[in-house]
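One structure is given below, encoded as structure tokens.
What follows draws every value from the coordinates through simple rules; no lab data is involved. Computed from a predicted structure; not experimentally measured. No Cβ is skipped: glycine too gets one built from the backbone with ideal geometry, and neighbour counts run over all protein chains shown.
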Amino acid sequence: MKTLKIAIQKSGRLNEKSVELLKNCGLNFENYKSSLISPVSNFPLEILFLRDDDIPEYVQDGIADLGIVGENVIEETEVTVSYLQRLGFGKCSLKIAITNNSDIKELTDLEGRSIATTYPVILGKFLQKQNIHADIRTISGSVEISPGLGLSDAICDLVSTGGTLKSNGLKPFADVMASEAILIGSKGSEHNEMVQELMQRIQSVLRAKETKYVVLNVEKANLSNVLALLPGVKSPSVLPLAEEGWVAVHTVIPERDFWDRISQLKQAGAQGIVVMPIEKIIL
Ligand code: PRT
Ligand code: ZN
């Protein structure tokens, strides 16, 4: 069987989460900081540790079958790859930002202005769509200092907390694209059996992350009210308690509306609510 290769970031913001995801998929490998390739002992896979900028092209050219990289890098390198799975980490937003005292008020005010960025391709397409002609200044890093140095009127850079913008006297002005880490594959790789197996494992880990396992007790008289609030993988399990007239309900609920759901359950008569993390959900 052909050994697959997956390219992940060697060091940086996506490295730790990428390694954690692959380990949670049950893959055994050493996360050597010094080596470029690490074999997986219990799956026909090798892990390539690369700079994130190189990952899309490695995957496009088939040197790696799969890759984990930010959507921003994929779009900027304009490669032809298959988007296999959004991974929910490395979330950020590519934004145009201006100085706090800027006279730029509307997008059209960018006409004829200069914008510094490390994302000239994505920014160029965005401006073209808006029919704005601005001077895109491509620089290789520390974009946020360029308005202060008089190098540009605005910047276009990734933002997560907004702290970097703030500490450089800048404010967000327009959203260009949202980004997160994505599993990409060479064209056609999605038909490979081992890629499908790996994707299923990744999806079961992601589903588990999005949900919590909940066990609660409720008096039978209140059971229908409680069940009305609950989904489940199929439907909730209801088990009798030793105490007459009471049952335990086991189910999974989505992380995103967790606290709302818990308070509704309490109001509906749920007691002794125990919430547990889930490792994997295999459908
Ligand atoms: O060495 P290598 O080339 O592999 O790494 P890199 O230095 O190019 O990338 P790295 O590790 O900084 O980021 C990898 C990926 O993480 C990016 O391509 C994005 O997809 C994602 N990501 C998520 C971010 C951020 N959040 C982020 N905040 N990448 C960069 N930033 C930077 C941003 O450029 C700015 O300088 O963080 C600063 C802003 O952060 P806040 O929190 O102050 O808003
Ligand atoms: Zn990079």
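What does the charge dipole of segment 28-175 about its Cα centre add up to, to the nearest 20 debye, if the Cβ of each Lys and Arg holds +1 and the Cβ of each Asp and Glu holds -1? Each step should come with its number before you reach the end.
Numbers: 12 positive and 21 negative charges, 101 e Å.
It comes to approximately 480 debye.
Any idea what log10 I(q)/I(0) is at q = 0.13, 0.19 Å⁻¹ for segment 1-86, Debye with uniform C-alpha scatterers and no solvent?
For segment 1-86 at q = 0.13, 0.19 Å⁻¹, log10 I(q)/I(0) is -0.37, -0.81.
Out of all Cα-Cα pairs in segment 36-106, roughly what percent, to the nearest whole number, are more than 18 Å apart? Numbers along the way, then the final one.
Working: 1320 of 2485 pairs.
Every Cα pair in segment 36-106 considered, those over 18 Å come to 53 percent.
Based on C-alpha coordinates, I'd like the Rg and Dmax of segment 96-150, in Å.
Gyration radius and largest Cα-Cα distance of segment 96-150: 10.9, 29 Å.
Let me see the P(r) profile for the chain: every Cα-Cα distance counted, bins of 5 Å, each bin given as a percent of all pairs.
Histogram of Cα-Cα distances, whole percents per bin: 1, 5, 10, 12, 11, 10, 10, 10, 10, 8, 6, 3, 2, 1, 0, 0.
Provide Val121, Val249 in ascending order of the number of other Cβ atoms located within 10 Å of each residue's Cβ, fewest first.
Working: Val121 14, Val249 21.
Result, fewest neighbours first: Val121, Val249.
Of the listed pairs Lys23/Lys209; Lys17/Lys129; Lys95/Lys187, which have alpha-carbon separations greater than 26 Å here? All intermediate terms of the calculation are to be shown ahead of the outcome.
Details: Lys23/Lys209 14 Å; Lys17/Lys129 34 Å; Lys95/Lys187 30 Å.
Where the Cα-Cα span goes over 26 Å, the pairs concerned are Lys17/Lys129; Lys95/Lys187.
Which percent of Cα-Cα pairs in segment 93-245 sits in each 5 Å bin, short to long?
Result returned by the calculation: 2, 7, 13, 13, 9, 6, 7, 8, 9, 8, 7, 5, 3, 2, 1, 0.
Based on C-alpha coordinates, I'd like the Rg and Dmax of segment 192-283, in Å.
Over segment 192-283's Cα set, Rg and Dmax evaluate to 15.4, 54 Å.
Could you tell me what fraction of 2.2 N^0.38 Å the Cα radius of gyration of segment 26-147 comes to, as a two-decimal ratio? Walk me through the numbers on the way to the answer.
Details: Rg = 18.8 Å, N = 122, 2.2 N^0.38 = 13.7 Å.
That works out to 1.38 for segment 26-147.
Taking the Cα-to-Cβ direction at Asp61 and at Glu255 and moving 7 Å from each Cα, how far apart do the two end points lie in nm?
The modelled label-to-label distance comes out at 3.6 nm.
From the C-alpha gyration tensor of segment 108-183, pull out the three semi-axes of the equivalent ellipsoid (sqrt of 5λ each), sorted largest to smallest, in whole Å. Write down the numbers at each step before the final one.
Values: eigenvalues 65, 60, 26 Å².
Largest first, segment 108-183 gives 18, 17, 11 Å.
Which residue, chosen from Phe258, Trp246, Leu227, occupies the Cα position most advanced towards the positive end of the dipole of segment 182-283, where the dipole is computed from +1 (Lys, Arg) and -1 (Asp, Glu) charges on Cβ about the Cα centre?
About the Cα centre, the residue reaching furthest to the positive side is Phe258.
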